[in-house]
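Inspection log for the structure reproduced underneath, given as structure tokens.
The values are calculated or read from the model by the stated rules, or taken from the named source; none is laboratory data. Everything quoted here is computed from the prediction, not taken from an experiment. Using ideal geometry, Cβ is built from the backbone for each residue, glycine included, and neighbour counts are taken over all protein chains shown.
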Amino acid sequence: MMKVAGTDRPGMPVSQGESFRNRKRPGGLVTEVIVHETVTRSHADTLAVLRQRRLGVHLIVDEHGALHQHGDLQDDLLWHAGAHNGPSVGVEIVNPYEPRFLPRNGPWERILTGPWAAGGRYVVPTLAQLETTAALLAWLTTPDSGLSIPRAWVGLESSRLAMNRIERPTLRPGLWAHTYFAHADGAFPVLFAWLRLEAGLGAHEAFSTACALAEGARRTVDLSSFARKESS
């Protein structure tokens, strides 16, 4: 299995879990990563739901922020993103998403409102989950991954980052939120990752900034004030 990283890789240990098996990729480059959120409460629940639906993803960020690998990044074609399955790595973040699904004593604390979210209210992943996701996206878009995913933000047009559907969501290399072409998930973790990897914000500042930008947003958030940090 092509591993994300060994436990000796600073900042990104990974647990090797049982693989989802659908079929082998028919060849070609892996050029996309699709970020999903689960609407589940635990890693175990997520595995059960995906298997029941005959779906699969390569990587899962669990409710504690730990990373689990469930498929070979290069060789396994897993069913999680329709037409994007062929060239993509699928990443699921365990998140109830809607406040009505929050468990008692769970790790999630922040709720946002905005038309971009399904039902208009959104449970924010924990800082630990978001940090793991940002580190993962950083690694997947480097030569170390052995893949061909560029650090290109598919939802970013000029200075505005999509929080929902984008126009013409055809296959193209880069970082995708699932909501860009289906459902309503993945936008907030991608926003956080952009603030960490491109704007260079620290973890806590990126978290508070992402929450402020997403609160009340409609279809996009304006990142123009971070243009300087991105280029310096």
Does the stretch 100-117 hold any residues that are in contact with a helix residue (DSSP H, G or I) (Cβ under 9 Å, 6 or more places away or on another chain) and assigned to a helix (DSSP H, G or I), and which are they? 100
Taking the condition buried (at least 24 other Cβ atoms within 10 Å of the Cβ) and within 22 Å of residue 87 (Cα to Cα), does residue 186 pass? yes
Just to check your reading of the model, which residue among 208, 224 is among the hydroxyl-bearing types (Ser, Thr, Tyr), out of contact with any Gly (no Cβ under 7 Å at 6 or more places or on another chain) and touching a residue at least 24 places away in the same chain (Cβ under 8 Å)? 224
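A quick yes/no check of all residues on (1) touching a residue at least 60 places away in the same chain (Cβ under 8 Å); (2) surrounded by fewer than 22 Cβ atoms within 10 Å (Cβ to Cβ):
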residue	(1), (2)
27	no, yes
33	yes, no
36	yes, no
45	no, yes
55	no, yes
60	no, no
94	no, no
100	no, yes
Within the stretch 185-205, take every residue that is acidic (Asp, Glu) and touching a residue at least 12 places away in the same chain (Cβ under 8 Å) and give me the one that is nearest to residue 38 (Cα to Cα). 185
Before we move on, is residue 195 of a type in the set (A, V, I, L, M, F, W, C), on the phi < 0 side of the Ramachandran plot, touching a Ser or Thr at 6+ places or on another chain (Cβ under 7 Å) and modelled with pLDDT of 95 or more? yes
Looking only at the stretch 192-220, count every residue that is out of contact with any strand residue (DSSP E or B) (no Cβ under 9 Å at 6 or more places or on another chain) and among the aromatic types (Phe, Trp, Tyr) and tell me the total. 2
Pull out all pairs, ordered by first then second residue, where Cβ-Cβ is under 9 Å, the residues are six or more apart or on different chains, the first lies in the stretch 67-80 and is closer than 9 Å to residue 20 by Cα, and the second is of a type in the set (Val, Ile, Thr). 70/57; 70/60; 71/57; 71/89; 78/57; 78/89
So, in the stretch 120-163, how many residues would count as being part of a loop (DSSP other than H, G, I, E, B) and of a type outside the set (A, V, I, L, M, F, W, C)? 11
Show me the strands (runs of 3 or more DSSP E) found entirely inside the stretch 1-99 where at least 2 residues are at pLDDT below 95. 14-16
Scan the stretch 211-220 residue by residue and report those that are free of Cβ contacts under 8 Å to residues at least 24 places away in the same chain and either surrounded by fewer than 14 Cβ atoms within 10 Å (Cβ to Cβ) or touching a Phe, Trp or Tyr at 6+ places or on another chain (Cβ under 8 Å) (or both). 212
For residue 199, are the conditions met, namely being assigned to a helix (DSSP H, G or I) and touching a Phe, Trp or Tyr at 6+ places or on another chain (Cβ under 7 Å)? no
Considering each of 82, 114, 146, 120 in turn, give the residue that is closer than 18 Å to residue 163 by Cα and surrounded by fewer than 15 Cβ atoms within 10 Å (Cβ to Cβ). 120
Within the stretch 189-210, track down each residue that is buried (at least 22 other Cβ atoms within 10 Å of the Cβ) and of a type in the set (Phe, Trp, Tyr). 192, 194
